[in-house]
Structure formats: C-alpha cells, structure tokens
Amino acid sequence: MSDNIARSVLTDALIALVNVFKQAGSNPPKKIEVDRPTFDKLLSESITLYNIDTKQAISERKFSISDIILIAEDGLTQ
C-alpha cells in the first residue's frame, strides 16, 4: 500500500498546488521546470496514473499532467 501512495506523491502534490491556486481565485502555474531526476520520477508516476505519450515525453523532455500543468526538464526551453 505504501508503494501505491509513494508512487503518486509528486503528481498529487502538483495537482493539489493547481487546485489551491484555483480555489484562491488565481491562475495556477501552467508550467514548471524541474531537474532531470525529478522529471524522470514525475514521468514514471504519470505514466502509471495518466494517459501520457511516453515516447514524446522522453524525446521532448516535457509532458502535461491532466492537461492542467506542463512538466518540463529544466534548461531545455528555448
């Protein structure tokens, strides 16, 4: 059971962050940039929880969680 909880901790935290912004009447962040290990962990979690295009996420180093927030690897924006 703890494995299931740990698997979605980061993605749940990001979605909760977006919801807090919305409840406060503010626009939530549309994109966050994270380091490579965090990106890989979020991608791994998101693959099990959401319908993520894995090949595109790996090649572009970015993906969207539930179409509410874009996760991108830091330093890859142009």
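Residue 3 meets the conditions (1) modelled with pLDDT of 90 or more; (2) exposed (fewer than 11 other Cβ atoms within 10 Å of the Cβ); (3) among the charged types (D, E, K, R) in every case but one. The failed one is (1). Select from the range 45-78 the residues that are under 15 Å from residue 12 (Cα atoms) and loosely packed, with under 13 Cβ neighbours inside 10 Å and write down the one among them that is farthest from the chain's Cα centre (by Cα). The residue in question is 48.
The values are calculated or read from the model by the stated rules, or taken from the named source; none is laboratory data. Everything numeric here is computed off the predicted structure, so don't read it as measured data. We place every Cβ from the backbone using ideal geometry, glycine too, and count neighbours over all the protein chains shown.
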